[in-house]
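Worksheet: one structure, shown below.
The values are calculated or read from the model by the stated rules, or taken from the named source; none is laboratory data. Because the structure is a prediction, the values reported are computed rather than measured. With ideal geometry, Cβ positions are generated from the backbone for all residues, glycine too; neighbour counts draw on all protein chains shown.
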Amino acid sequence: MKKTYEILKDLPEIKKAAQILKQDEEHTFEQLKELVLIPAFSRHEEVRAKRYREMMEAEGFEVTEDEVHNVYTVIKGSGGGPVLYVTGHLDTVFPLDTPLEVVEKEPGKFYCPGIGDDTSALAQNLALMRAFRDSGIKLKGDLIIGGNVGEEGLGDLYGVRNFFGKEENLKLVDGFISVDGQGPSVTYGGTGSYRYKVSFSNQGGHSNGDFGMPNPIHAMGRAIAKIADVKTPNPPWTTFAVGVVDGGTSVNSIAHDCEFLLDIRSNGKAELDAANEEIMKCITDAVAEENARWKRDEEYYAHDSGNKKNPVPRADRVVELKIEKMGDRPVGNQSLDDPIVKAALTLYEVCGEKAVTNANGSTDANIPISLGIPGLAVGRSGKGAGSHSRAEWFSPEGMAEGEAELFLMICGLLGVDGVTEPLLPVREK
């Protein structure tokens, strides 16, 4: 692998591609600044996808936009090699009404929600398309490249899930790279997760006049307290969190309903399922305990504030529970010795970079890895920080150089016609 990349690094077409990417840097950054101003909250990416498609078509590429708004083009190789899918995700974590403005608060540092994660990958993939078109390089295998929807939050990887849910794509692709993360980095496994909306409800009432009625918010509180006491293994790293809590009517009301969002994760499938089972029991036990709490002597609750007997037993108005699964990201594990992993790390070594390696992460690569398709998430080029916050920033410093490394990585994996054989094996389908 090292020899392959050393040969390719000195190839005239590779050097030309690096020059193209450097000359193109300002244009790439302008495209990034345009794309980041288009809101693209998960499952609401249509407008950004449309503009991304227009940008690709303006460069002369034949574009496919599927029914969920994944957008990609195919750069054909000479034949006989593997098929590699390279993508960045179109969506961000920010709701559609989030103010978006690109501001250079410090020299060379540009702030805007979503400017790095993952909008910069979209612009960089456009630059790669132009470099493959104009450098004269002839790949042996085929490259699918573009942008996909639904990576963030409750998007639940639905873009890549939809792509590989089609049998023809499942059989076609031999390797996958998600351009996600920052700087030289390789994430080569998938952290699995289950995500839920957990709802508690009854008919509600007055906090004083209906005292004695099981309280949905109290049931939710009991559930959260029980969840907080769950112990999980490490290794494999297994975690949980109640991330959003909502509900209630007023300070002097027993709520009609309330809910929380729950995230459970693990790098091991068995451990994920075990944690899930224990946490589900916490929730159902909490509701049972809240309902049982008020099954006392009815005489205690027989009078309202006017000392008149209440005709409806309050304790019979039980809390109802509803659990909806909102996300199911599969676990996927690979070895450092797997060809696609080893090839990526060798590329960075040859380029004099020390890459950060992550055995597991939650990225679009979860889907192909879980299906037996070699996959990675590799970091975006340039510099940046603050992902998922309104203080997110990006600097184009080193952007072209990072793009050139990814260009070289792709060439090594797919092979260059008449020069090197592909480092990515063709899968047995």
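Details
- Of the residues making up the range 381-404, those that are within 18 Å of residue 348 (Cα to Cα) and buried (at least 22 other Cβ atoms within 10 Å of the Cβ) are 381, 382, 399, 400, 402, 403, 404.
- Residues of the range 370-393 that turn out to be in contact with a Lys or Arg (Cβ under 9 Å, 6 or more places away or on another chain), within 30 Å of residue 168 (Cα to Cα) and small (Gly, Ala, Ser), as a count: 2
- So residue 292, is it modelled with pLDDT under 95, of a type outside the set (Lys, Arg) and assigned to a helix (DSSP H, G or I): yes
- Test: residue 246 is under 24 Å from residue 327 (Cα atoms) and under 21 Å from the mean Cα position of the chain (by Cα): no
- Where strands (runs of 3 or more DSSP E) fall entirely within the range 122-227, those with at least 3 residues that are over 21 Å from residue 246 (Cβ atoms), in contact (Cβ under 8 Å) with a residue 40 or more places away in the chain and in contact with a helix residue (DSSP H, G or I) (Cβ under 7 Å, 6 or more places away or on another chain) are at 142-148, 175-182.
- Whichever residue in the range 372-429 is basic (Lys, Arg) and assigned to a loop (DSSP other than H, G, I, E, B) and, among such residues, is farthest from residue 106 (Cα to Cα): 429
- Checked against the criterion of being in a helix (DSSP H, G or I) and either hydroxyl-bearing (Ser, Thr, Tyr) or within 28 Å of residue 170 (Cβ to Cβ) (or both), the candidates 57, 26 yield just one match: 57.
- Yes/no for residue 21 being closer than 16 Å to residue 407 by Cα, of a type outside the set (Val, Ile, Thr), assigned by TED's automatic domain parsing to the domain that holds residue 137 and touching an Asp or Glu at 6+ places or on another chain (Cβ under 6 Å): yes
- For the range 40-97, a residue qualifies if it is within 22 Å of residue 389 (Cα to Cα) and aromatic (Phe, Trp, Tyr), and the qualifying residues are 41, 94.
- Residue in the range 324-342 that is of a type in the set (Ser, Thr, Tyr) and surrounded by 15 or more Cβ atoms within 10 Å (Cβ to Cβ) present: no
- Any hit, the range 109-123, residues being closer than 16 Å to residue 83 by Cα and not aromatic (Phe, Trp, Tyr): no
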